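No lab work stands behind these numbers, since they all come straight from the coordinates. Here the structure is a predicted model, which is why all the values come from computation and not from measurement. In this analysis, Cβ positions are derived from the backbone assuming ideal geometry, glycine residues included, and neighbour counts consider all displayed protein chains.
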Amino acid sequence: MKPTAISLFSGAGGCSAGFRRAGFDILYAQDNNKDCISSYAANFPSTFCEEKSIEDTDFELILKKIGCNDIDIVIGGPPCQGFSTAGSRNSNDPRNNLLNSYVDALKVISPKWFLFENVEGLLTLDKGKYVLSLIEKLINIGYTLRVEKIYAQTYGVPQRRKRVILIGNKFGINFKFPKMKTLAEGRIFRKTCHTLRLAIGSMPEPSSVRGESVPYTVPVTTEYEKYIRGNSDKILEHYAPKVTGVQLERLELLKEGYTMKDLPEYLQHESFKKRAFRRVIDGTPSEKRGGAPSGLKRLFYDEPCLTITSSSTRELIHPVQNRPLTIRECARIQTFQDDFVFRGNESSKIKQIGNAIPPLLAYEFGTHLKQLMALQGEEKNGKLLGFNLTFADAMSPALKNTTNILENLTEKQSNLFEVI
């Protein structure tokens with residue numbers, strides 16, 4: 001029998017796609033976005049999915065509807081936009097309500113394992129108190145867990161994507177995260193075999209007609225290409241409008257790695273300087289964290305792509321063609337197979353893609369967790385097993401503060417166990 005899973009904050013189904021490929025039966029999925037659920041239903045026809053907010057869901061009723069109250073794992077995490085640094089912090093903050101609703105859902109569903117994914121900003125939000133609160137809540141309902149920042153390119157994703165993952169179980173099992181498939185070395189971990197070329201290098205030029213499919217023009221020559229094509233016989237969502245005028249002039253001057261700041265000032269977009277004053281997740285002005293945002297950036301073919309976001313089809317420029325990435329190129333970089341369907345308008349589709357857990361990353365974790373599920377036993381009290389918040393040698397003051405907070409928690413646990 002396949003292990004069972006429930007997907008909360010499912011999005012279009014990136015995490016579910018990976019866990020399904022790893023051998024899980026996804027019994028239920030929910031998201032409060034109509035287009036996400038429409039996409040999910042198109043790709044997971046056997047899963048009961050619904051457009052619903054977690055706060056309004058009766059999970060006891062859901063378990064009855066799916067005919068199963070023995071769930072092996074809950075996957076997913078609250079949307080990353082909820083962890084912005086804007087605004088004050090108080091107990092009535094809706095972000096706290098979302099977190100409490102997630103923990104309440106785990107209480108009712110009582111899965112043997114959970115996997116929670118979010119942006120790295122979660123670690124430094126409210127000076128580390130937010131992630132501490134989450135960990136303590138999970139411990140209090142009986143989960144033994146680990147917290148790590150992972151780098152997607154080390155798990156086979158052709159993209160520099162940092163994410164925070166919490167994994168826990170109810171049996172006190174001392175486990176590790178899955179081993180990395182490859183090392184990522186060099187400045188900001190740019191050297192790896194999982195490159196942008198691997199993801200999109202074999203793709204034909206996009207159509208100039210919106211909605212038109214594009215045929216494959218080269219045979220499958222690599223295992224990755226075999227995987228990424230799925231069961232598709234053509235490429236969908238591979239459309240690029242013609243670039244003209246000042247935008248074409250900009251792109252013609254962009255070399256690999258160049259951004260808006262490398263262009264003559266008369267070609268820099270008006271919004272570029274305004275965006276230079278935005279604040280990054282730990283509250284540090286952006287000019288102290290590598291300068292102003294790029295606005296446009298010509299990608300390197302032989303490095304992992306920059307992080308795919310909802311702005312990628314506007315700002316990330318193809319390595320050798322004078323155009324932004326297409327929706328399908330972004331989907332491939334996120335490791336969605338070519339037969340994965342997205343519903344909604346173009347803005348909605350790229351947002352679904354950018355917010356997703358990469359399916360190939362989810363597959364690596366799903367495969368590992370499926371093996372760990374053989375180690376079940378009696379339920380035990382929860383605790384924090386450990387944490388790893390960065391690969392880098394240096395650490396920001398904000399992240400160092402969170403490290404100190406979590407070290408204090410583990411020390412308190414050790415003292416408690418000594419007394420017992």
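Treat every Asp and Glu Cβ in segment 197-241 as -1 and every Lys and Arg Cβ as +1, leave all other atoms uncharged, and give the resulting dipole magnitude about the Cα centre to the nearest 20 debye.
That gives segment 197-241 a dipole magnitude of about 40 debye.
Give LYS179/LYS400; LYS149/LYS179; LYS65/LYS383 a once-over and call out the pairs whose C-alpha atoms are over 21 Å from each other.
LYS179/LYS400; LYS65/LYS383
What do you get for the angle between helix 359-372 and the principal long axis of the chain? Use alpha-carbon atoms, 0 to 90 degrees, nearest ten.
Taking Cα atoms only, the helix is inclined about 20 degrees.
Give the calculated FRET efficiency between ASP104 and PHE391 to the nearest 0.05, with a Förster radius of 41 Å applied to their Cβ-Cβ distance.
Calculated value: 0.75.
Computed from the coordinates I sent, Rg and Dmax of the Cα atoms in Å equals one of [x] 21.8, 73; [y] 21.1, 68; [z] 22.5, 79. Tell me the label.
[x]
Looking at the chain only, what percent of DSSP beta bridges run antiparallel? Nearest 5 please.
Within the chain, antiparallel bridges account for around 45 percent of the total.
Which residue fluctuates the most in the chain, going by a Gaussian network model with Cα springs under 10 Å, if the choices are ILE75, ILE37, ILE62?
Of ILE75, ILE37, ILE62, the most mobile in the Gaussian network model is ILE62.
Considering amide H positions built from the backbone, and no H for Pro or chain starts, which residues 5 or more places from GLY13, or on another chain, come under 5 Å of its amide H?
The list, which skips near neighbours in sequence, is empty: none.
What residues have an amide H closer than 5 Å to that of ARG161, excluding those fewer than 5 places away on the same chain, when H is modeled at 1.01 Å from N in the peptide plane?
Under 5 Å from the amide H of ARG161: ALA152, GLN153.
Would you tally the net charge around LEU251, using a Cβ to Cβ cut-off of less than 14 Å, leaving LEU251 out, and scoring K and R as +1, D and E as -1?
Residues close to LEU251 contribute a combined charge of +2.
Based on the mean of other Cβ atoms within 10 Å per residue, sort peptides 151-157, 390-396 so the most packed one is first.
Final packing ranking: 151-157, 390-396.
Given Cα pairs under 8 Å that are at least 6 residues apart, what percent is the relative contact order of the chain?
Once divided by the residue count of the chain, the mean separation gives 22 percent.
Just from its helices, what would the mean residue ellipticity at 222 nm be for the chain, if runs of 4 or more DSSP H residues each count -39500 (n - 2.57) and the sum is divided by every residue, rounded to the nearest 500 deg cm²/dmol?
The helix contribution divided over the chain gives -9500 deg cm²/dmol.
Based on other C-beta atoms within 10 Å, arrange THR192, THR335 from fewest to most.
THR192, THR335
Return the sequence-ordered ³J(HN,Hα) values of segment 113-122 in whole Hz as given by the Karplus equation 6.51 cos²θ - 1.76 cosθ + 1.60 applied to θ = phi - 60°, using x for Gly and Pro.
With the stated coefficients, segment 113-122 comes to 9, 9, 10, 10, 10, 7, 6, 5, x, 4 Hz.
Mind giving me the nanometre distance, one decimal, between the label points for VAL320 and ASP56, set 7 Å out from Cα along Cα→Cβ?
Placing both labels 7 Å beyond Cα along the Cβ direction yields 5.0 nm.
What is the distance, in nm, between label points placed 7 Å from the Cα along the Cα-to-Cβ direction at LYS34 and at MET1?
3.8 nm
Taking the Cα centre of segment 192-356 as origin and charging only Cβ (+1 Lys, Arg; -1 Asp, Glu), how large is the dipole, in debye to the nearest 20?
The calculated dipole for segment 192-356 is roughly 600 debye.
Can you figure out the FRET efficiency of ASP233 with ARG21, using R₀ = 30 Å and their beta-carbon distance, to the nearest 0.05?
With R0 = 30 Å, the Cβ-Cβ based efficiency is 0.90.
If you take the charge dipole of segment 192-356 about its Cα centre, with +1 on Lys and Arg Cβ and -1 on Asp and Glu Cβ, which of PRO219, LEU325, CYS193 is farthest toward its positive end?
Towards the positive end, the residue furthest out is LEU325.
Projected area of segment 192-356, taken from the Cα convex hull and averaged over every viewing direction, in nm²?
So the Cα hull casts an average projection of 10.5 nm².
Using the Cα centre as the reference, give the magnitude of the dipole from point charges on the C-beta atoms of the chain (Lys, Arg: +1; Asp, Glu: -1; all else neutral), rounded to the nearest 20 debye.
700 debye
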